[in-house]
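The values are calculated or read from the model by the stated rules, or taken from the named source; none is laboratory data. In this text the structure is predicted, and so the values were computed from the model without any measurement. Don't worry about glycine lacking a Cβ; one is built from the backbone with ideal geometry, like all the others, and counts go over all protein chains shown. Keep in mind that these areas ignore ligands, DNA and RNA; they rest on the heavy atoms of the full protein, side chains included. Shrake-Rupley method; radii C 1.70, N 1.55, O 1.52, S 1.80 Å.
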Amino acid sequence: MTTKPYDVNAIRARFPSLANALPDGRQLSFLDGPAGTQVPQAVIDAYRDFFLHANANSGGAFITSQRQQQVEDDAHRAAEDLLNAPKETVKFGANMSTLNFQLSRSLAKSLKPGDEVIVSQLDHDANYSPWLWLAEDFGLTLKVIPIRTSDATLDIEAYAALRSPRTKIVAVGMSSNAVGTINPSKEIVRLAHEAGALTVLDAVCSAPHYPIDVQALDTDFLLCSPYKFYGPHAGLLYGKLPLLERFGRYKVRPAHDLWETGTPSFEGMAGTTAAINHIAWIGREFGHTGAPTPLTGRRAEIRAGLQAITLYERELIVHLLDRLAEIPGVKVYGITDRDQLDHRTSIVSFTMEWATPTEAATHLGADGIQVWDGDFYAVNPVAALGLTERGGLLRVGLMSYNTAEEVDRLIASLKELAKASGVQIG
Ligand SMILES: Cc1ncc(COP(=O)(O)O)c(C=O)c1O
C-alpha cells in the first residue's frame with residue numbers, strides 16, 4: 001500500500017457540506033462529528049443512484065428489485081469488511097439504540113431471575129438503559145463497572161471482581177462518546193468469557209477512529225452506527241453466527257432474516273457501502289499498514305485507512321491539548337498524559353471556570369464553530385465526574401476531515417469569550 005502523507009485537503013475536497021457557511025460568509029467548522037459526521041459526495045451519489053435505478057422492495061421478479069438486492073448484498077459485504085466479520089454476521093437496523101433493545105430482548109430468553117448483567121459507568125445510555133429495563137422486567141441484577149474519576153478510565157480490577165457464576169452478559173463500550181477513553185475491549189471480552197458470559201461491545205464511537213476486528217476481539221456481539229463514520233443514519237449489529245441463529249427471535253413470520261425484519265433503509269445500505277469505500281480509499285491513498293496483517297483487499301485498505309486516521313487525529317489531539325493549556329480555568333476530562341494517548345480517541349471534552357458549556361457552545365456556534373455541550377446521553381459518566389449540575393461538558397470532536405487551523409479558530413473564539421468574562425490571557 002502506498003504511504004503518501006495524509007492530505008487533509010484532499011479528504012476535505014470529497015465532503016461538499018464542509019463548504020457550508022454562516023449567513024455572513026464565514027465558513028463552518030464541523031467539530032460536532034461524535035454526534036454524526038458529514039458525508040462524502042459518494043454517499044450522496046449512492047442515495048441518488050439508489051432512488052434513480054434501484055428503488056424497489058426485495059424479492060421482486062423485475063430489474064429494479066434485482067438491483068435493490070445487489071445494493072443489499074454489497075452493503076453486507078462492506079459492513080463485514082469494516083469489522084473483519086465472517087459472511088452473514090452483520091445485520092442492518094435503524095440505529096445502534098434500537099438494535100441494542102432488540103438484542104437485549106432477544107437474549108432474555110436465555111436468562112433467569114437472579115442472573116447478572118455487567119454494564120459500565122462510562123457508557124452512552126444506549127448501552128445502559130436496554131440492560132437496565134431488561135433487568136427490571138426479568139428480575140436480573142445489574143452490576144456497574146465504576147470509572148476512576150481522575151482520568152475517566154474504567155476500573156478493570158473492579159470489573160474482574162464484579163464477575164460471578166451468575167454473570168451472563170457483559171455490555172461495555174469500546175470507547176467513550178463523552179471523554180474519548182478507549183477501554184481494553186479485548187481484555188474485557190476475555191474476562192467475560194472466563195466467567196461464562198456473553199459480550200456486547202458498543203463500537204459507535206470507535207468505528208470512525210481506529211480499526212475494529214470482531215474476530216480478534218472475539219466478542220459475541222458488537223454494535224455501531226454508520227452515521228458516525230461518514231455514512232447515513234443506520235445501525236449495524238455483528239453477532240457470532242451460531243448466536244445470531246440461536247437468539248434471533250422477534251420477526252414477522254414470512255421474513256427470511258431473523259434480525260432484519262421489516263423493510264430496511266435500502267438507501268441507507270447504499271450509503272453505508274459508499275462510506276466504507278471512502279475509508280478504504282483513505283487506506284489506498286494515505287494508508288499505514290502498521291503491524292503485518294493477514295488481511296487482504298478492502299479489509300486491508302479499511303484497516304490502513306483507519307490507522308492513517310488514528311495517526312492524523314493524534315496530531316490534532318496534541319495540538320488541541322497544547323492550545324487549551326493557554327487558557328486559564330480550562331479543565332480537560334479524560335486522558336491527557338501525552339504518553340497515554342493510545343488509550344484515547346480524538347473526542348476531547350472540557351469545562352471552563354468562566355463559562356458554562358452551553359454558554360461556550362452558543363458563543364462558538366455564533367462564530368460558525370460547531371461543538372456539542374451537555375451530557376450527549378452519557379448520563380452516568382457525566383454524573384460520576386460531578387458535572388450534571390454544572391451543565392456537563394463542552395465536547396470537541398476531531399475527525400479525519402478537521403484541521404489544525406480549525407483548532408486554532410476554536411481557541412481564538414474561546415479566548416475572546418474568556419476575555420469578555422474578565423479572564424486575563426497572556
Ligand atoms: C458511544 C455511543 N453509543 C451509542 C450511541 C447511540 O447510537 P444511535 O444514535 O445509533 O442509536 C451513540 C450516539 O451518540 C454513542 O455515541
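List of remarks:
- Contact order normalised by residue count of the chain, Cα under 8 Å, 6+ apart, percent: 22 percent
- Cα gyration tensor shape of segment 338-400, rounded if a/c is under 1.5, else prolate or oblate by comparing a/b with b/c: oblate
- Per-pair calculated FRET efficiency, R0 = 30 Å: Ala61 and Trp133 via Cβ, rounded to 0.05: 0.10
- Summarising the strand pairing of segment 44-278, around 40 percent of its internal DSSP beta bridges are antiparallel.
- For Asp375, the solvent-accessible surface computed with a 1.4 Å probe is close to 60 Å², ligands and nucleic acids excluded.
- Rounded is the label for segment 314-426, because a/c, from the alpha-carbon gyration tensor with a ≥ b ≥ c as root eigenvalues, stays below 1.5.
- Value of Rg to Rh for segment 64-181, rounded to two decimals, is 1.06; Kirkwood radius and Rg both from alpha-carbon coordinates.
- Antiparallel DSSP beta bridges within the chain, as percent of all bridges there, nearest 5: 55 percent
- Inter-site label distance for Asp337 and Thr149 at 7 Å from Cα along Cβ, in nm: 2.0 nm
- The orientation-averaged projected area of the convex hull spanned by the Cα atoms of the chain comes to 21.7 nm².
- Alpha-carbon centroid distance for the pair segment 1-20 / segment 270-305, whole angstrom: 15 Å
- Relative to one another, the C-alpha centroids of segment 347-426 and segment 119-152 are positioned 27 Å apart.
- Accessible surface of Tyr333, taken over heavy atoms with a 1.4 Å probe and every protein chain present, rounds to 20 Å².
- Thr293 accessible area, 1.4 Å probe, all protein chains in place, Å² to nearest 10: 50 Å²
- Filter on Lys91/Lys240; Lys91/Lys251; Lys91/Lys112; Lys186/Lys251; Lys186/Lys240; Lys87/Lys186 - keep pairs with C-alpha separation over 20 Å: Lys91/Lys112; Lys186/Lys251; Lys87/Lys186
- Inverse of mean 1/r across different Cα pairs in segment 44-278, Kirkwood, Å: 18.3 Å
- Comparing Ser206, Ser120, Ser17 in a Gaussian network model of the chain where C-alpha atoms under 10 Å apart are linked, the largest mean-square fluctuation is found at Ser17.
- In a simple Cβ point-charge model (Lys, Arg +1; Asp, Glu -1; nothing else charged), segment 44-278 has a dipole of about 580 debye relative to its Cα centre.
- Exposure rule at most 15 other beta-carbon atoms within 10 Å, DSSP loop GluC sites (Glu not before Pro): the chain longest free segment: 89-325
- Distance from the Cα centroid of segment 241-261 to that of segment 181-196 is 27 Å (rounded to whole angstrom).
- Solvent-accessible ranking of Lys240, Lys228, Lys112, largest area first, probe 1.4 Å: Lys112, Lys240, Lys228
- Reach of Lys331 by Cα under 28 Å, taken over lysines that are not fewer than 8 positions away in the same chain: Lys228, Lys415, Lys419
- Evaluating 6.51 cos²θ - 1.76 cosθ + 1.60 at θ = phi - 60° for every residue in segment 52-58, the Karplus couplings come out as 6, 10, 9, 7, 8, 7, 7 Hz, glycine and proline recorded as x.
- Our helix-only sum for the chain, with -39,500 (n - 2.57) per DSSP H run of n ≥ 4 divided by its residues, gives a mean residue ellipticity at 222 nm of -12500 deg cm²/dmol.
- When the chain is treated as a Gaussian network with alpha carbon springs shorter than 10 Å, the biggest mean-square fluctuation among Pro113, Pro146, Pro208 belongs to Pro113.
- Translational diffusion of segment 1-107 was estimated from the Stokes-Einstein equation, with Rh taken as the Kirkwood radius over Cα pairs; at 37 °C and 0.692 mPa s the coefficient is 187 µm²/s.
- Take the convex hull of the alpha carbons in segment 188-321; its mean projected area over all directions comes to 10.5 nm².
- Note on the chain: with a GNM built from Cα contacts shorter than 10 Å, the maximum mean-square fluctuation among Gly271, Gly283, Gly368 falls on Gly368.
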